[in-house]
Amino acid sequence: MSDEESVPCQKCGKEKATIHLTDFVDGKPVQQHLCESCYGQEDGLPALSPSKIVAQLIGTLVPELKELANASCPKCGMTYLQFRQTFLLGCPVDYEAFSAPLDQLLQSTQGATRHVGKVPVGTAQMLSRGPMLASLRRKLDEAVKAEKFEQAAQLRDKIKKLEQEGAGSHQE
């Protein structure tokens, strides 16, 4: 527990100071300890908006993120930081307003930036069976032409098995 946590407000002396400011005057740090209500009465200090404080903090720590932290939708006014706090967009225009960071977010979390859909279980195997059967039939024809009858018999058995599996999956 630090000393700042138990300091009374320097202005009213009644409330616990929750805001601790450090300003530099003539190169020396001057600290000011205020409660929230006294802070709100001070002139020239920024409003205590959590999203603005986070934006200022990000801008200070990582300057290249400052522009992104302050970016907002021209239609609904939502900021990118507000979106990141709730993961809910405010309006359809947000998709365009935040397109670059949304693409980066989707790429890092989903591995892609475009939805390609899903195939029901078993359908992928059924869909891949068609090209596989075509390939096996070509190989069977080549084996017969080359008079490789043992290889042709093995290919014929594979084709029959795949066709039976395919017929069985249609009946389920």
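The values are calculated or read from the model by the stated rules, or taken from the named source; none is laboratory data. No experiment lies behind these values; they were computed from the predicted model shown. Using ideal geometry, Cβ is built from the backbone for each residue, glycine included, and neighbour counts are taken over all protein chains shown.
The number of residues in the stretch 138-152 that are among the hydrophobic types (A, V, I, L, M, F, W, C), assigned to a helix (DSSP H, G or I) and free of Cβ contacts under 8 Å to residues at least 12 places away in the same chain comes to 2.
Tally the residues that are part of a helix (DSSP H, G or I), surrounded by 14 or more Cβ atoms within 10 Å (Cβ to Cβ) and at pLDDT 80 or above, restricting the search to the stretch 57-111.
9
Contact annotation: residue pairs with Cβ atoms under 8 Å, 6 or more positions apart or on different chains, pairing a residue in the stretch 157-172 that is closer than 17 Å to residue 137 by Cα with a partner that is at pLDDT below 70, are 166/126.
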